[in-house]
Amino acid sequence: MSVRVVIVEDHALTRAGMRTALQSEFDVVGEAADGVAGRDLILHERPDVAVIDLGLPGIDGIAVTKSVREALPETRVVIATMIDVEEEVLAALAAGADAYWLKSSPTQALVDAVRIASEGGAYFDPRIAHVVLSRFSAHASHGAKSPLTPREVDVLRLISDGKANAQIATTLSIGLGTVKGHIRDILEKLSAADRTQAAVVALRKGFI
């Protein structure tokens, strides 16, 4: 069964681009151009994933997200915005967002965000990953048995600090290929789609 998606975005051209990208893989069942209409549409359609812009007229995307999560806990929320400041990111997370896509990123990243969110995962644009990961770290539940080696934990901690692969290699005095090998093993052990999601999973479970 195809994943059902609703788009709430006030700019018509942006909304059209999002729809075109998402229709390649999902069933876009509705669109809205303001917060009130978007909230009502989502509550009516009960989609698998709602893509919600933060800066909506009427009521903003954070308020829409809160309403959706309270009424439809099974509906996943992907925040779409131009804003990458920490306060807005954390506000979206506090409201219950599952994923965060920056509009300046390729639309394929939006497709990835919706797919990962629909599968129960978390997706966050790499440019804001360190903010998200720090937030999860502060609320991580510790005590679970970790499948990770000490070196893999070192790598994930650096990822959570926003370090690129080359920076991780330099910090740990290992080769870039070795870093990539560790990340490949980490993704497999944590059933994660990418390095950011792996760090989120590890932090949530208290592995790092």
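Rundown of residues vs (1) under 10 Å from the mean Cα position of the chain (by Cα); (2) surrounded by fewer than 24 Cβ atoms within 10 Å (Cβ to Cβ); (3) not aliphatic (A, V, I, L, M), yes/no style:
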{"residue": "ARG39", "(1), (2), (3)": "no, no, yes"}
{"residue": "ALA50", "(1), (2), (3)": "no, no, no"}
{"residue": "GLY55", "(1), (2), (3)": "no, yes, yes"}
{"residue": "ALA71", "(1), (2), (3)": "no, yes, no"}
{"residue": "ALA94", "(1), (2), (3)": "no, yes, no"}
{"residue": "SER104", "(1), (2), (3)": "no, yes, yes"}
{"residue": "GLN108", "(1), (2), (3)": "no, yes, yes"}
{"residue": "VAL114", "(1), (2), (3)": "yes, no, no"}
Give me the residue from the stretch 8-37 that is aliphatic (A, V, I, L, M) and touching a residue at least 60 places away in the same chain (Cβ under 8 Å) and, out of that set, surrounded by the most Cβ atoms within 10 Å (Cβ to Cβ).
MET18
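Quick grid of which residues meet (1) hydrophobic (A, V, I, L, M, F, W, C); (2) touching a Lys or Arg at 6+ places or on another chain (Cβ under 6 Å); (3) outside any loop (DSSP other than H, G, I, E, B):
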position: MET18; (1), (2), (3): yes, no, yes
position: LEU43; (1), (2), (3): yes, no, yes
position: VAL51; (1), (2), (3): yes, no, yes
position: ILE62; (1), (2), (3): yes, no, yes
position: VAL68; (1), (2), (3): yes, no, yes
position: GLU74; (1), (2), (3): no, no, no
position: GLU88; (1), (2), (3): no, no, yes
position: SER104; (1), (2), (3): no, no, no
position: VAL111; (1), (2), (3): yes, no, yes
State whether one or more residues within the stretch 81-100 are over 23 Å from VAL200 (Cβ atoms) and outside the structural domain of GLN197 (by TED's automatic domain parsing).
no
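The values are calculated or read from the model by the stated rules, or taken from the named source; none is laboratory data. Keep in mind that what you see is a predicted model, and the values were worked out from it rather than measured. Positions of Cβ are generated from backbone atoms using ideal geometry, with glycine treated the same way; all protein chains shown enter the neighbour counts.
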